[in-house]
Amino acid sequence: ALLNRDFPLPSLLFLFDLPPETAAERYGSRSSRDIYERIDFQRLVRDRYLALAKSWCSKETRLVRVDATKTINEVAQLIWSEVVKLPIIRG
């Protein structure tokens, strides 16, 4: 925390939320698995990220939860619709 104390907080933060069961369907066809690709572990990680998400919001940072079950195009469209609202993009 001390290392980053002088850096500004981000204006926009995306949280890509994907239920562990959906993730398992997506990586299930691969021939090998990562040690972290266990449903119980994925549930724990997701629950902790969702619990922490509220603490990441501040005056400087806006958190956008992204439904990562959507198609790539839908996710990209949502992200772009949020990015264009940033002052640096609007000019």
- Query: Just how large is the dipole of the chain about the Cα centre, in debye to the nearest 20, putting +1 at every Lys and Arg Cβ and -1 at every Asp and Glu Cβ?
  - Reply: 220
- Evaluated at 4 °C and 1.567 mPa s, the Stokes-Einstein D of segment 1-70 based on the Kirkwood radius over Cα pairs, in µm²/s, stands at 92
- Message: Tell me the volume per residue, in Å³, of the convex hull enclosing the alpha carbons of segment 45-91.
- Response: 79
- Task: Indicate the helices, whole DSSP H runs only, in the chain that combine a mean Kyte-Doolittle hydropathy of 0.5 or more with a Cα extent along their long axis of 20 angstrom or more.
- Result: none
- Query: Tell me, what is the percent relative contact order of the chain, built from C-alpha pairs under 8 Å that lie six or more residues apart?
  - Reply: 42
- For the chain, with all protein chains present and a 1.4 Å probe, just round the carbon and sulfur fraction of the accessible area to a whole percent. 58
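What accessible area per residue, rounded to a whole number of Å², is obtained for the chain using a probe radius of 1.4 Å?
Working: 7340 Å² over 91 residues.
That works out to 81 Å² for each residue.
The values are calculated or read from the model by the stated rules, or taken from the named source; none is laboratory data. Only a predicted model underlies this, so the values are computations on that prediction, with no experimental measurement involved. Quick reminder, even Gly has a Cβ in these numbers, built from the backbone with ideal geometry, and neighbours come from all protein chains shown. These area figures cover heavy atoms from the full protein model, side chains too; ligands, DNA and RNA do not enter into them. Shrake-Rupley method; radii C 1.70, N 1.55, O 1.52, S 1.80 Å.
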